[in-house]
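Below you'll find the structure, written out as structure tokens, and then a few comments.
The values are calculated or read from the model by the stated rules, or taken from the named source; none is laboratory data. Please read these numbers as outputs of a predicted model, since none were measured by experiment. Neighbour counts run over all protein chains shown; Cβ positions are idealised from the backbone, glycine included. We work out accessible area using only protein heavy atoms, side chains counted, and drop any ligands, DNA or RNA first. Shrake-Rupley method; radii C 1.70, N 1.55, O 1.52, S 1.80 Å.
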Amino acid sequence: MNAQWQDFLVKEGAELQDGIVAHFGNPAQECAVAAAGNVMVDLSHQGLIGIEGADAATFLQGQVTCDIREIGPNVSRLGAWCNPKGRVRVTFRVFQREEGFYLAVPVDCVEDTLKQLRKYVLRSKVALRDASCERIRLGCSGATIEERLRQFFPIIPGESDQVVQEGSSTIIRLRGPLSRFEIFGEIGTMVKLWDTLRVHTAAIGAGAWSTLEVLSGVAVVTHATSEAFVPHMLNLPEIGAVNFRKGCYTGQEVVARTQYLGKSKRRLYLARIAGEKSPRLGDPLWVPPEGEEQTPGQVVNIAPAPEGGFLVLAVIAVADVRRGEIYLRDCTGPLLELRALPYPFLEERDGPL
């Protein structure tokens, strides 16, 4: 995190853990406010990879699931980078500013992603770097957050994945049931924006923001679940993170085969788990046996639930969802209370699963 920005946040009451703003004094209250009110959050738990050079667009196009030709000053996309077997190494949001591209990934994935991506550069005119400290990142959400942002920016994005470039700032509208935005900018601008919003907007930590991310149904793959899933298991086609007409990229054959040979046997689902003990990333799920080998799925993302307990995004076998009861870890674990995602499965657009 930028040292000057960190000093500013600490003066605002931020409690830091491992360089990330965990909360502003009351995590439970922040979670409740995030679900119903206007909030703002430092996004230093999100890293940035900068990609520049004459071949930057061509290089990315040959690596990731989304179509880089669609990316421009006013358009961003969610996407994934897969291994040759079509397993997702990391998920990201890609956007463009001036001549360069940026991949927003979990901060703990930056170093390894850079290391692995550089193996594919070869003779391409591409420069990759850790850009995490180059720009301040702020997240905003809420029922009237658009009105508040317009006090500072004359124009804000109107649809999901749209981008507005305003001076030194980049504003991206996020997917999900609530109005949410990510804003990237210089520290002076971000301090002024924070001061403008603070009157009608509560400051929250990364934990409360993760609640909104899980409710959006957008899976985030980190080290704990890297290379565990193909894109269809994470609902990436549903959220526009996979383009099946873009041509070849690493892992494309497996991803395309899954798409054209039939329905995926596993999907990403949203659920609540009661109790005070948090699940762990990658935790297995359990269903009552029916004489077949059990491979029901595992936990991908976790966040505190506003009403208590935890929200999870979990990859679960579709057949087990139809059958009913699904438990965390084993038969003695808590029951998953399935909830509706903010988007339909692709199959549901043509008929029920």
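How do 191-203, 224-236, 175-187, 120-132 rank on mean C-beta neighbours within 10 Å, highest first? Can you show the working numbers first?
Values: 191-203: 16.6, 224-236: 21.8, 175-187: 19.2, 120-132: 14.6.
With the highest mean Cβ count within 10 Å placed first, the list reads 224-236, 175-187, 191-203, 120-132.
Hey, got the dipole for segment 88-151? About the Cα centre, +1 on K and R Cβ, -1 on D and E Cβ, debye to the nearest 20? Numbers along the way, then the final one.
Values: 13 positive and 9 negative charges, 62 e Å.
Its charge dipole is roughly 300 debye.
In the chain, if the dipole is taken from +1 on Lys/Arg beta carbons and -1 on Asp/Glu beta carbons about the Cα centre, which of GLN165, PRO306, SER210 is farthest to the positive end?
GLN165
Put a dot 7 Å past each Cα toward the Cβ at ALA228 and ALA28; how far apart are the dots in nm?
The two pseudo-label positions are separated by 2.9 nm.
Mind ranking 65-76, 152-163 by how tightly packed they are, going by the mean number of other C-beta atoms within 10 angstrom, highest first? Walk me through the numbers before you get to the answer.
Working: 65-76: 18.5, 152-163: 15.4.
Answer by packing, highest mean first, reads 65-76, 152-163.
Just the number please: accessible area per residue for segment 191-315, 1.4 Å probe, all protein chains included, in Å². All intermediate terms of the calculation are to be shown ahead of the outcome.
Numbers: 5270 Å² over 125 residues.
Normalised by residue count, the accessible surface of segment 191-315 is 42 Å².
Once label points are set 7 Å from the Cα along Cα→Cβ at both LEU338 and ILE155, what is their separation, rounded to one decimal in nm?
Once both label points are built, they end up 4.3 nm from each other.
Across 5 Å bins from 0, what is the distribution of all Cα-Cα pair distances for segment 38-159, in whole percents?
2, 10, 19, 22, 20, 12, 8, 5, 2, 0
Run lengths n ≥ 4 of DSSP H only: what is the helix-derived mean residue ellipticity at 222 nm for the chain, with -39500 (n - 2.57) per run over all residues, to the nearest 500? Don't jump to the answer; show the numbers that get you there.
Details: 9 runs with 74 residues, N = 353.
Rounded to the nearest 500, it is -5500 deg cm²/dmol.
So what is the relative contact order of the chain, in percent, for Cα pairs below 8 Å that sit 6 or more residues apart?
Numbers: 757 pairs, mean separation 69.1, N = 353.
Relative contact order of the chain: 20 percent.
In percent, what relative contact order does segment 32-175 have, based on Cα pairs under 8 Å that are 6 or more apart in sequence?
Values: 247 pairs, mean separation 46.5, N = 144.
After rounding, I find 32 percent.
To the nearest 20 debye, what charge dipole does the chain have about its Cα centre, counting +1 at the Cβ of each Lys and Arg and -1 at the Cβ of each Asp and Glu? Write out the running numbers ahead of the final one.
Values: 38 positive and 42 negative charges, 170 e Å.
So the dipole magnitude of the chain works out to roughly 820 debye.
So what does log10 I(q)/I(0) come out to for segment 158-278 at q = 0.10, 0.17, 0.19 Å⁻¹, using the Debye formula with one equal point on every Cα and no solvent?
The Debye formula, applied to the Cα set alone, gives -0.47, -1.09, -1.21.
For a paramagnetic label modelled at 7 Å from the Cα of ARG257 toward its Cβ, which residues of segment 73-101 fall within the zone defined by backbone nitrogen distances under 12 Å?
Those under the cut-off are 85-87.
Just give me a number: lysine pairs in the chain, eight or more positions apart or cross-chain, with C-alpha atoms less than 28 Å apart.
The result is 13.
For ARG129 and ARG69, compute 0.36 nm times the residue count separating them, minus their Cα-Cα distance, and round to one decimal in nm.
Values: separation 60, 0.36 × 60 = 21.60 nm, distance 2.14 nm.
Going from the current span to full extension adds 19.5 nm.
Given a 1.4 angstrom probe, I'd like the percentage of the accessible area of the chain that is carbon and sulfur, rounded to a whole number.
Here carbon and sulfur together make up 49 percent of the probe-accessible area.
Run the quick spin-label model on ARG198 and GLU15: label points 7 Å from Cα toward the beta carbon, then report their separation in nm to one decimal.
It works out to 2.0 nm between the two label points.
Residue farthest toward the positive end of the dipole of segment 1-137, with Cβ of Lys/Arg at +1 and Asp/Glu at -1: which of ALA28, ALA14, ILE136?
It is ILE136, whose Cα lies furthest towards the positive end.
About the Cα centre of segment 300-339, what is the dipole size in debye to 20, counting +1 per Lys and Arg Cβ and -1 per Asp and Glu Cβ, all else neutral? Intermediate results must be reported in sequence, preceding the final value.
Numbers: 4 positive and 5 negative charges, 25 e Å.
Around 120 debye, computed over segment 300-339.
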